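Here the structure is laid out as C-alpha cells; the discussion comes afterwards.
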Amino acid sequence: GAGVSQTPSNKVTEKGKYVELRCDPISGHTALYWYRQSLGQGPEFLIYFQGTGAADDSGLPNDRFFAVRPEGSVSTLKIQRTERGDSAVYLCASSFQRGGHGGELFFGEGSRLTVL
Amino acid sequence: LAKTTQPISMDSYEGQEVNITCSHNNIATNDYITWYQQFPSQGPRFIIQGYKTKVTNEVASLFIPADRKSSTLSLPRVSLSDTAVYYCLVGAYSGAGSYQLTFGKGTKLSVIP
C-alpha cells in the first residue's frame, strides 16, 4: 500500500503479558517515529529511527518498552510485562527527512492497545 | 522544546472562515511551525508548514508574524468534514539529533450545519 501500515489495529491483552506492535512505513522513508496517544491527549513521542538505528529513544517511558528496525524498514515496538497504564493508541509515522526542518510526517492509523 | 498554547475548542458554522491561533513564545531560530489535523480513530495528517510570513496551499493558509511568537491557521469556508482536532507544533532538535515534534492537546474544531 501507499501509506503507513500498522498491525494489529486492535490488541487486547492481560496485565503482565508481552505484546508486539508492527509498523510498515512508506517505501523509501528513512525516518520512522513511534508515538503514543491516550484518550483526549495529543500524541506523545516515544522513539525515532534513522535507518536501522534508534537515534532518539528519550521518549520511551521505561525499560519495559523497546523498539527495533533491523533492516531499516519495518519496525516493531515491544512492550514487556504490560500494565493497565500502557493502554493507548500507538502511532507510527515515517518521513523522507533526515534533518532540516523535519518535513511532513505520514502517520498510520495506529494500534489500539487495551490492557485488562 | 518550544511549548505551544492553543484554544481547547472552537465552534464554527459551515461556510465560514476559521482562524486558529497558536502561541509559541520561546520558538527557536531554526524552528518551523507545523499544523496537523486528526480525525477520530485516525493518525494525524499534515496540513501546512511555514517559517515566516504567509504560506498557502490548497487546504489552508498559515500566517506567521515577524516575531514568530504566534501563528494562525486559516481554514477557508469550512464544511462538516473539517470537524477534527488541529495541532500546532514547533519542531526542535533533541540532543540525540532527531527532529522531535511535540504535540499539545490541540484545538477541537466543531463545524455546525
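Every read-out reported here was derived from the displayed coordinates using simple, explicitly stated rules and does not represent laboratory data. All of these numbers come straight from a predicted model, not from anything done at the bench. No Cβ is skipped: glycine too gets one built from the backbone with ideal geometry, and neighbour counts run over all protein chains shown.
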Q) Hey, what's the per residue convex hull volume over the C-alpha atoms of region B:21-70, in cubic angstrom? A) 89
Q. For chain A, what relative contact order do you get, as a whole percent, if you take Cα pairs closer than 8 Å and at least 6 residues apart?
A. 36
Q | Over chain A, equivalent-ellipsoid semi-axes from the Cα gyration tensor in Å | A | 23, 14, 13
Q: Please average, across the residues of B:34-46, the number of beta carbons from any other chain that are within 10 Å of each residue's own beta carbon, and give a whole number.
A: 5
Q | Where GluC sites (Glu not before Pro) fall in DSSP loop in region A:1-108, at most 11 other Cβ within 10 Å | A | A:Glu14, A:Glu71
(Q) I'd like the Karplus ³J(HN,Hα) series for region A:69-85: coefficients 6.51, -1.76, 1.60, θ = phi - 60°, whole numbers in Hz, and an x wherever there's a Gly or Pro. (A) 8, x, 10, x, 10, 5, 10, 10, 9, 10, 10, 9, 6, 4, 10, 4, x
**Q.** Estimated distance in nm for a label pair at B:Ser41 and B:Val59, the labels positioned 7 Å out from Cα along Cα-to-Cβ
**A.** 1.9
Q. Going highest first, how would you order B:66-72, A:60-66, B:18-24, A:86-92 by mean Cβ packing within 10 Å?
A. A:86-92, B:18-24, B:66-72, A:60-66
Q. Mind checking the mean number of beta-carbon atoms from other chains within 10 Å of the Cβ atoms in B:19-26?
A. 0
Q) Among A:Lys11, B:Lys105, what is the fewest-to-most ranking by other Cβ atoms within 10 Å? A) B:Lys105, A:Lys11
(Q) Defining a contact as two alpha carbons under 8 Å apart and six or more residues distant in sequence, what relative contact order in percent does chain B show? (A) 36
Q: Name the residues whose placed amide hydrogens come within less than 5 Å of the amide hydrogen of A:Arg112, ignoring near sequence neighbours (fewer than 5 apart) on the same chain.
A: A:Asn10, A:Lys11, A:Tyr90
Q: Let me know the whole percent of all Cα-Cα pairs from chain B that are separated by more than 25 Å.
A: 18
**Q.** Selection from A:His29, A:Gln41, A:Pro8 lying farthest towards where the dipole of chain A points positive, charges on Cβ
**A.** A:Pro8
Q: Hand me the tally of lysine pairs in chain B: alpha carbons under 17 angstrom apart, and the pair either on different chains or 8 or more positions apart.
A: 4
Q. How many Å³ per residue does the convex hull of the Cα positions in the protein assembly as shown occupy?
A. 122
Q. Taking the Cα atoms of region A:1-65, what is the range of coordinates along each of the three principal axes, in descending order and whole Å?
A. 36, 28, 26
